[in-house]
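Some notes on the structure that comes next.
Values quoted throughout were computed directly from the atomic coordinates according to the rules given, and no laboratory measurement underlies them. Everything quoted here is computed from the prediction, not taken from an experiment. Reconstructed Cβ throughout: ideal geometry from the backbone, glycine too, with neighbour counts over all protein chains shown.
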Amino acid sequence: MKLGLFMMPLHPADRPLRDTLAENTEKSLLAEELGFEELWIGEHFSATTEPICSPLMFLASLLPQTKRIKMGTGVINLPNHHPAIVASEVALFDHMSNGRLLFGIGPGGLASDFELFDNEDPQKRGERMLESIDTILQLWTQDPPYRVSGKYWDLKLSEAIVPDLGIGYLRKPLQQPHPPIAMSAMSPFSGSVKTAAMQGWSPISANFIPEYSVASHWKKYLEGCAAVGRTPDGQDWRVARNIVVAPTDEEARERAFSTAGSNHYYYRYLWEVLRRGNYSIAIKPDPKMDDSEVTVEMLIEATVIHGSPETVTRKLAGLRERIGPFGTLLMAGMDWSGPNREWERDSMRLLAQEVMPALHRQTVPA
């Protein structure tokens, strides 16, 4: 099983941007140092709490400081962008990173971004996303002239082409036929997972969703593979989780549930965002529960894996047995305010150096 770090990222709204950018840089470099294999950064335009509007720009700042870790867009929300711009910028980054890019895509998940880009209709968002990725893949597989006609975008570059001068040509990525594509999913029985499986892409199950919902993603992945006659492979599936590892179970529980802890802030914030967006089903441990029954502590208990290295190893092994054979575990990165910097550094170190080797010993035949 591979290990990665997934950061929305999420910070208190009053923290200065320069401070959170420096923090996220430090955390990313620590992931490289500890042997994490992947780093995923989210995209949000209109929230000071979720402050990175360009994952590619942020990840580019890390390229001179890293050598090995693969870098994923987690995710580029395709309905908000012109596909020719995405195709060109992703291809450029793939070359800049010498092929370390993982191309994560999605329809978006922030209501204020939906309004900003006039993408409030969920059906329209899904259609725009699929049309966009189809257009991007077409642009990557041909030379000019370019003619792509769709419902939402019409692209034409046929007149201003000068082959001898290289004018009129769009960049193609370094990785061929293209960088690995991944699609995020947070809904129970998400159709996005089935689509990803049918297209040969990797699904990413969100970190804050309950276990039954994550398990449903494996079922949808199997459906998608069956629909196109593809052999299912759990190595394609990434599962993100909030994880707190401490020297003892007692310390880990205290850190996970502390009102000064970043997990408490994270779930308090996310519950309010999803509740206001009439999408609380995505995070509730039981979809039949009334919203009035849900507490932050209940959400932490249901979705945060916490304990000593031995306990977390056992919990992760049990999770994989119950939900399906995911190939990559993505640890969710939290805010480092107050005591959380040292707490999360402990979690990252213990997860990478003690938990993952123990998991490998359990899953790899001698």
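Candidates Asn77, Ala358, Ser132 compared by Cα position along the dipole of the chain: farthest toward the positive end lies Ala358, with charges placed on Cβ. The mean sequence separation of alpha-carbon pairs under 8 Å and at least six residues apart, normalised by the residue count of the range 101-160, gives a relative contact order of 21 percent.
Would you order Cys53, Cys225 from fewest to most other beta-carbon atoms within 10 Å of each residue's own beta-carbon?
Cys53, Cys225
Relative to the longest principal axis of the Cα atoms of the chain, the long axis of helix 340-350 makes an angle of roughly 90 degrees. Here the chain carries DSSP beta bridges of which approximately 15% are antiparallel, counting only pairs with both residues inside. As a proxy for reagent exposure, Lys172, Lys2 were ordered by neighbouring Cβ count within 10 angstrom, fewest first; the result is Lys2, Lys172.
Residue-wise HN-Hα couplings along the range 117-123, as the Karplus relation 6.51 cos²θ - 1.76 cosθ + 1.60 with θ = phi - 60° gives them from phi, are 9, 6, 10, 6, 7, x, 5 Hz; Gly and Pro carry x. Which angle between 0 and 90 degrees, to the nearest 10, do you get for helix 262-276 versus the longest principal axis of the chain when only C-alpha atoms count? With rounding to tens, the tilt is 60 degrees. Projecting the Cα atoms of Pro287, Trp336, Val228 onto the charge dipole of the chain, computed from C-beta unit charges around the Cα centre, puts Val228 farthest toward the positive end. In loop segments of the range 85-176 as defined by DSSP, the GluC sites (Glu not before Pro) with at most 14 further C-beta atoms inside 10 Å of their C-beta are Glu120, Glu159. As a rough guide to protection, the peptides 246-252, 342-348 ranked by mean Cβ packing within 10 Å, highest first, stand as 342-348, 246-252.
I need the shape label for the range 273-366. Rule: rounded when a/c is under 1.5, else prolate if a/b > b/c, else oblate, with a, b, c from the alpha carbon gyration tensor.
Oblate, because a/c is 1.5 or more while a/b does not exceed b/c.
Taking each of Lys156/Lys194; Lys288/Lys315; Lys156/Lys219; Lys156/Lys220 in turn, the alpha-carbon distance tops 29 angstrom for Lys156/Lys194; Lys156/Lys219; Lys156/Lys220. The Kirkwood hydrodynamic radius of the range 152-224, based on inverse pair distances between different Cα atoms, is 15.0 Å. Computed from phi, the 3J(HN,Hα) profile of the range 200-206 under the Karplus parametrisation 6.51, -1.76, 1.60 (θ = phi - 60°) reads x, 9, 9, x, 10, 8, 4 Hz, with x in place of Gly and Pro.
Descending by average beta-carbon neighbour count within 10 Å, the peptides 316-328, 204-216, 257-269 line up as 204-216, 257-269, 316-328, the highest first.
How far, in degrees from 0 to 90, does helix 83-96 lean away from the longest principal axis of the Cα atoms of the chain, to the nearest 10? In the chain, helix 83-96 runs at an angle near 70 degrees to the longest axis. Between Thr259 and Arg314, the contour length at 0.36 nm per residue exceeds the alpha carbon distance by 17.2 nm. Binning the C-alpha pair distances of the range 61-175 at 5 Å intervals from 0 yields a P(r) profile of 2, 11, 19, 19, 17, 14, 11, 5, 1, 0 %, listed from the shortest bin outward.
Taking amide H positions as modeled 1.01 Å from N, with prolines and chain starts lacking one, the residues under 5 Å from Ile76 and 5 or more places away or on another chain are Gly104, Ile105, Gly106. For the range 1-67, relative contact order (Cα pairs under 8 Å, six or more residues apart, normalised by length) works out to 41 percent. Annotation: extensible slack from Arg322 through Ala227 equals 31.8 nm (criterion: 0.36 nm per residue apart, minus Cα-Cα distance). For Lys2, the residues 5 or more places off, or on other chains, whose built amide H falls under 5 Å of its own are Thr328, Leu329.
The GNM of the chain, with springs linking C-alpha atoms under 10 angstrom apart, assigns the highest mean-square fluctuation among Trp237, Trp40, Trp140 to Trp140.
The smallest convex shape that holds all Cα atoms of the range 208-351, its convex hull, gives 116 Å³ per residue. Compared with the alpha-carbon gap, the fully stretched path from Gln362 to Glu293 is longer by 21.0 nm at 0.36 nm per residue.
Applying both filters, DSSP loop and at most 11 other Cβ atoms within 10 Å, to the trypsin sites (Lys or Arg not before Pro) of the range 130-197 gives Lys151. The relative contact order of the chain comes to 18 percent, based on Cα pairs under 8 Å that sit 6 or more residues apart. As a proxy for reagent exposure, ranking Asp143, Asp236 by other Cβ atoms within 10 Å from fewest up yields Asp143, Asp236.
Roughly how compact is the chain, stated as its Cα Rg over 2.2 N^0.38 Å to two decimals?
Cα-based Rg divided by the globular estimate yields 0.99.
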